[in-house]
Amino acid sequence: MSLNTFGHLFRVTTWGESHGPALGATVDGCPPGIALNEADIQPWLDLRKPGTSKFTTQRREDDAVRILSGVFEGRTTGTPIQLMIENTDQRSKDYGEIAQAFRPGHADIAYHQKYGIRDYRGGGRSSARETAARVAAGGVARAALAALVPGLQITGYMVQMGPRAIDRSRFDADEIARNPFWTPDAVAAADWAGYLDDLRKSGNSVGAVIEVVASGVPAGLGAPIYGKLDSDLAAAMMSINAVKAVEIGDGMASAALTGVENADEIRMGAEGPEYLSNHAGGILGGISTGQDIVVRFAVKPTSSILTPRKSINLRGEEVDLVTKGRHDPCVGIRAVPVAEAMMACVILDHLLLDRGQTGGVRGRIG
C-alpha cells in the first residue's frame, strides 16, 4: 500500500525525495495523440521553481524536465509517460542538527512514529520539493485539456497572506503575473512585500490562502455521492504540502447565509442555463454546472524557521531547535502553480471518466 498515486483514469504517481538525485512523476492514462514535448511542460515548472525572488527559498534548481517515455514523434502514445527532474543544488549539511530532533509543526515526528525511519535531508517526501513532480504532471494534463476542451482556463492566485487579505474591488487578473505573490491586488502586493521581508529577516514565517479558478469547464463532470468532482478536488488540494483547509465556492462562509442568499438563481440564456451568482463554486451534487469552479485553501506557516522552538529529540530529551537551511518564509507563494496543476489533473481525470460513462451525452434543457 504505497499511496503515492492519485486519479482514476488519468493517474499520477510521484516519486523521489528533496535531496535525492532526482524526482519525478509517472503519468498513466493520458489519451494518445496529444501534442507534447518538454517545452510544453517547462514553463509551468519555471513558475514554481525556487530562487525566483527574495521571498522564496534561495535553493537554486533549474527544474529541467525530461520525458523518458510515452511520447513518440511529439505525440503521446497512450502508454505511461515518465517525467524526471534532477536535483542539482542539495545542501544536506544544513539538516545535520535535525537528524536527531523533530521540527515543531513539521511532519518529522509523524513520519518517524509511522515508519521508524525518515529522510531528514530537507524532509524527504514531506518536502514541498515533491510538488515539482505534480507541476510536471499538470503540464501533461494541461496539454490534454487544451486539445479536448480548448476554451478551458485555470488561474490561481493568492488572496491572503497571514491576516492581510486582498481587496476584491481592486481585483486585476493582469496583475497576477506582475508581482512575486501571484496576487490580483497591486496594493496588497506592495503591503505584503514589506510585511514578509520583516518576517523573513526576523527568522519567522507566515501562512496564506490560495484561490484557483477553472473557467470553461463543461457541465456534467463528476458523479453523485462517492465520485463527486468537489470531493476529488478537495482531496487533491489537501494533499499539497502544508495545506490545512479547503473550500469550494463560498465554503465555510456559506454556513452564515440563509437559503434565500445562498440560492444561485437561474435564468435561460441563448446558449443554455445562466446563473445569477456562484455561491456553489460551479459544482452542485458533485457535478459541474458549467460555471467557474472555485477552490480555495489555507497553507500553514513554514515549520523550518530560524527562531528557536521547544521540541524533543530521538532520545526523548527536551531541546530548543533552530532549523538552518534555505526555506520559504511563505510557502503559499509557490503553492499557486501547484494548485493549478492539481486542478488540471483532476478536471482531466473527470473529463475522461465522463466520456467513458456517458460518451458526453447531456440532458436537454429548452
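Per residue, the solvent-accessible area of the range 306-366 (1.4 Å probe, heavy atoms of protein chains only, all protein chains present) comes to 50 Å². The relative contact order of the chain, computed from alpha carbon pairs under 8 Å that lie at least 6 residues apart in sequence, is 22 percent.
Calculate what fraction, in whole %, of the accessible area of the chain sits on carbon and sulfur atoms when a 1.4 Å probe is rolled over the protein chains. Heavy-atom surface of the chain belonging to carbon and sulfur, 1.4 Å probe: 54 percent. Computing Rg and the Kirkwood Rh from the Cα coordinates of the chain gives a ratio, Rg/Rh, of 0.98. For the pair GLN153 and LEU68, a Förster radius of 35 Å applied to the C-beta separation gives a FRET efficiency near 0.75, rounded to the nearest 0.05. Distant-in-sequence amide contacts of ASP328, defined by a placed amide H-H separation under 5 Å and a gap of 5 or more residues or a different chain, comprise THR57. The label-point distance for GLU261 and TYR115, in a model that sets each label 7 Å from Cα toward Cβ, rounds to 4.6 nm.
Considering only Cα-Cα distances, which of the following residue pairs are longer than 24 Å: LYS49/LYS310; LYS49/LYS244; LYS49/LYS114; LYS49/LYS324; LYS201/LYS300; LYS114/LYS310? As for pairs spanning more than 24 Å Cα to Cα, those are LYS49/LYS310; LYS49/LYS114. Name the shape class, rounded, prolate or oblate, that the alpha-carbon gyration tensor gives for the range 99-248, where a ≥ b ≥ c are the square roots of its eigenvalues, rounded holds for a/c under 1.5, and otherwise prolate holds if a/b is larger than b/c and oblate otherwise. Verdict is oblate for the range 99-248. Between the listed residues GLN113, LEU83, HIS279, the Cα displaced farthest toward the positive end of the dipole of the chain, a dipole computed from Cβ unit charges relative to the Cα centre, is found at GLN113. For the chain, leaving out every one of the GluC sites (Glu not before Pro) that falls in a DSSP loop and has at most 14 other Cβ atoms within 10 Å, the longest unbroken run is 74-264.
With a 1.4 Å probe rolled over the protein heavy atoms of all chains, the accessible area of ARG11, ARG296, ARG178 falls in the order ARG178, ARG11, ARG296, largest first.
The values are calculated or read from the model by the stated rules, or taken from the named source; none is laboratory data. Please read these numbers as outputs of a predicted model, since none were measured by experiment. A quick note on method: Cβ atoms are made from the backbone with ideal geometry, for glycine too, and the neighbour counts reach across all protein chains shown. Remember, those area values only see protein heavy atoms, side chains included, never the ligands or the DNA or RNA. Shrake-Rupley method; radii C 1.70, N 1.55, O 1.52, S 1.80 Å.
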